[in-house]
Amino acid sequence: MMWLLTATGQAQNLSNIGENDPFRLGGSVSARGVLYEAQNIDRRRQPFSWVLNGTLNLNIYDMDLPFSFTFSEQEREFAQPFNQFGASPTYKWVKGHVGYRSMTFSPYTLAGHQFLGAGVEMNPGLLRLGLMYGRFQRAVEEDTSSNRFVQPAYSRSGYSAKLGVGNSSNYFDVIMLKAKDDEASLRRAPTGSLVLPGENLVLGIAGTTELFDGFRLMLDAAASDYTRDVRASAIDDPDNTHIEAFDALNNNRSSTQFYTAVKAGATYSYQRFSLAANYTRIDPDYQSMGAYHITNDLQSFAIAPRFVLLEGRLRVSTNLTFRHDNLQNKKPYTTSRFIPVVAISLQPGSSFGVDLNYTDVFSTQSDGYRAVNDSLRLDQQNPMIMLSPRYSIIGGSASHTFLLGVMYQTLVDNNAFTSRWSEYSTTNLNLTYTLALTKAQFSMSASANTTRLENAGGTYRNSGVSVNASKGLLEQALRLTAGSGVSFHATGETVTGTLGARYALQKRHSFTATLNIVNSSAGYYAQERFSEYTLVLGYAYTF
C-alpha cells in the first residue's frame, strides 16, 4: 500500500482578516478503477488497479493550507518519503515564507530552488528587501545493499539576501547567496562517486529601468566562488582571480573556482514596431547552489525586430541569434551556431488567415585546444518551414473550421565525409475539420495526416485518419464522447477506438466511464495482430 501526504501553501493576503469566515473547509475526493485485458500479447499493466485521491483545503483567517493524498494497491518504494508543508502569507508590503518554499532574487543567484526554512520579502515604498535561510538539500546515504542506484548527497544549508531600490518595473538590486554542504551529515563518504561536500558564495546584481518612453534596459550579473571540496587545503589567490569582497565570506581553497555570468538587454517599442537585443555570457562550469541548472559555457547575441502592419492584419516577428561555446578553450573544438527565426501571421479578414514559420540552425566547428579533423568537422544546416492556412465559417448555431498544416524539414551536411549518413528530409501534411453546433451541444472533428521521411536507410511513410465527437445531454449534466482512428506504418496498421461518458449530479458528484480499444498488427510487441482493452471507471465528490 502507498500513502503520500503533502501540503503546500500559496501566498495569502492577511490584510483581509476579519472580512471572511475565520475557518473554511473545502476539497474533493475521487476514486478510479482500471480493468485491463490483452490478447496475443503479454500484459503491459495489471488486470485490475485502483487509486484513491483527495485534496483538502483548510482556510484559517484567509490563509490557505492545502493537503493532498493518494492511496492505491501498488507497492512503491521511495528513497526519500516526504511530508511537505509550506505557506507564504502576505500583509500589505510584507510577504513571509515558512516551511518548504522557493524564492527567486535573480536567475544566477537564488533562482527558484526549493528550501526548508523561512524567508521574508519587504517592499516599503521604494525599498526592496529579501532574506531567506534554510536547507537546500537533505542528506542521502549511499546505498550499496541493492541493485537500485541512489545518488548520495550531503545536507546543504544556506542563506540569501537582497537589498534594492525601486518597484517591479524599475529597480536595482544587490544580491548575496552563501550555501555549504555539511561534510558530517553522512555516516561515510560516498565511494566511487564524484559527490563531494562543497561550498558556494555568489554576489549578484539585477535591475531594469525605462530610460525614456518605450526604451528599457535590463541587467542580470553574478560572480560565483564555488568550492567543490571543503576538505581541500586553503590557499592564497596570488593571481587575484576573484573579487576581494569574497575573501571575508569564503575560504579560498585548492578546489575553489571563480565564475561569472551576465545577461544584458535593451528593448525599444514605438507604436507598431519593437526591437529587442540581448547579450549573454556565462563562464564554463558556472554554478549557484541557489539554482537547479544554469546553462553555461555560452556566449550569445540576439536581436529580435517585430512589426505590425496593415492595421494589425499582418504581424512579422523575427529573431536572429549568434552563439558559441568554449569560452576558455577547455574543449577540443568550438561549436558556433546561427539561428534565424521568422514568424509571419496574416489575417486579411475574420474568416481566413495563414501563418508561416521559418527556423534554421547553421552549426559549424572550429579549432579549440585541438585542431578539427576535416572528416569529422561539423558543418550543417537544419531548416524547417511550416505553412498553416485556416478558414472559418461562423454562424448563429454552427461553426466550421478548416485547418491545413504543411511542414518540411531537412538536414544539409556540408561535410562530404559524413553527409551520406547524416542528411535527411521529412514532410508532414495534416488536414483538420471541426464542426460545433452550439444549441445542439454537439461537436466533432475529423483529421487526416501523412508523413514521409527519407534518410540513408531509405524512405519511410506513415499516415492516418481519425474522427472524434462529443454530445451534451440533460442540460450538459451528461456528456458522451466517441472517437476512432487508424494509422498505417511500415510494420502494419493500428486501429484505436474510445467511448466515454461523464455524468454530473448536483454539481458535487461526477461519474465517469471510458473504454479504450487498440487493435494492431504492428510488429513491435507481437508477431501477430494483438488487441488491448482498458476500461476506466471513476467517481469524484467535491465539497
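Go through Val341, Val308, Val262 for me and flag whichever is closer than 30 Å to Ile393 by Cα, in a strand (DSSP E or B) and among the β-branched types (Val, Ile, Thr).
Val308
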Looking at (1) over 23 Å from the mean Cα position of the chain (by Cα); (2) in contact (Cβ under 8 Å) with a residue 12 or more places away in the chain, find the lone condition where Asp297 falls short.
(1)
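One line per residue, one yes/no per condition, for (1) charged (D, E, K, R); (2) open to solvent by 10 Å² or more (accessible area, probe 1.4 Å):
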{"position": "Met176", "(1), (2)": "no, yes"}
{"position": "Ala179", "(1), (2)": "no, no"}
{"position": "Thr191", "(1), (2)": "no, yes"}
{"position": "Leu196", "(1), (2)": "no, yes"}
{"position": "Asn200", "(1), (2)": "no, no"}
{"position": "Asp213", "(1), (2)": "yes, yes"}
Counting only residues that are in a loop (DSSP other than H, G, I, E, B) and at pLDDT 60 or above, which one in region 516-526 is most open to solvent (accessible area, probe 1.4 Å)?
Ser521
Can we say Arg306 is under 30 Å from Arg228 (Cα atoms), open to solvent by 30 Å² or more (accessible area, probe 1.4 Å) and modelled with pLDDT of 95 or more?
no
Before we move on, is Ser443 within 30 Å of Glu475 (Cβ to Cβ), among the hydroxyl-bearing types (Ser, Thr, Tyr) and in contact with a strand residue (DSSP E or B) (Cβ under 9 Å, 6 or more places away or on another chain)?
yes
Kindly indicate the residue of region 347-372 that is in a loop (DSSP other than H, G, I, E, B) and polar (S, T, N, Q) and also surrounded by the fewest Cβ atoms within 10 Å (Cβ to Cβ) among those meeting that condition.
Ser350
Give me the pairs: first residue in region 227-255 and part of a loop (DSSP other than H, G, I, E, B), second residue at pLDDT 75 or above and basic (Lys, Arg), beta-carbon distance under 6 Å, and six or more apart or on different chains, which are they?
Ala232/Arg253; Ser255/Arg228
Does Asp143 meet the test of being exposed (fewer than 15 other Cβ atoms within 10 Å of the Cβ) and modelled with pLDDT under 95?
yes
Return the residues of region 311-334 that are in a loop (DSSP other than H, G, I, E, B) and not aliphatic (A, V, I, L, M); say none if nothing qualifies.
Arg313, Asp325, Asn326, Gln328, Asn329, Lys330, Lys331, Pro332
In region 435-457, is there at least one residue being outside any strand (DSSP E or B), in contact (Cβ under 8 Å) with a residue 24 or more places away in the chain, open to solvent by 50 Å² or more (accessible area, probe 1.4 Å) and touching a Ser or Thr at 6+ places or on another chain (Cβ under 7 Å)?
yes
Test Arg390 against the criterion of being modelled with pLDDT of 95 or more, open to solvent by 70 Å² or more (accessible area, probe 1.4 Å), in a strand (DSSP E or B) and more than 27 Å from Asn516 (Cβ to Cβ), and give yes or no.
no
Checking Lys471 against (1) out of contact with any His (no Cβ under 9 Å at 6 or more places or on another chain); (2) of a type outside the set (Ser, Thr, Tyr); (3) open to solvent by less than 40 Å² (accessible area, probe 1.4 Å); (4) part of a strand (DSSP E or B), which test does it fail?
(3)
Could you go through region 245-257 and let me know if any residue there is farther than 30 Å from Asp379 by Cα, open to solvent by 30 Å² or more (accessible area, probe 1.4 Å) and either charged (D, E, K, R) or modelled with pLDDT of 95 or more (or both).
yes
For the condition of a type in the set (S, T, N, Q), under 30 Å from His324 (Cα atoms), surrounded by fewer than 14 Cβ atoms within 10 Å (Cβ to Cβ) and touching a residue at least 40 places away in the same chain (Cβ under 8 Å), what is the one hit in Ser422, Ser375, Ser397?
Ser375
Report the residue count in region 400-434 for those that are within 33 Å of the chain's Cα centre (by Cα), of a type outside the set (Ser, Thr, Tyr) and not in a strand (DSSP E or B).
2
Candidate set from region 482-494 (those that are touching a residue at least 24 places away in the same chain (Cβ under 8 Å) and open to solvent by less than 70 Å² (accessible area, probe 1.4 Å)); member that is farthest from Ser445 (Cα to Cα)
Thr491
Residue check, Ile344 more than 24 Å from the chain's Cα centre (by Cα) and open to solvent by less than 70 Å² (accessible area, probe 1.4 Å)
yes
Of the criteria (1) touching a helix residue (DSSP H, G or I) at 6+ places or on another chain (Cβ under 9 Å); (2) modelled with pLDDT under 95, which one Val372 fails
(1)
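The values are calculated or read from the model by the stated rules, or taken from the named source; none is laboratory data. This is a predicted model, so every value here is computed, not measured. Cβ coordinates were reconstructed from backbone atoms using ideal geometry, including for glycine residues, and neighbour counts include every protein chain displayed. Only protein heavy atoms, including side chains, enter the accessible area calculation; ligands, DNA and RNA are left aside. Shrake-Rupley method; radii C 1.70, N 1.55, O 1.52, S 1.80 Å.
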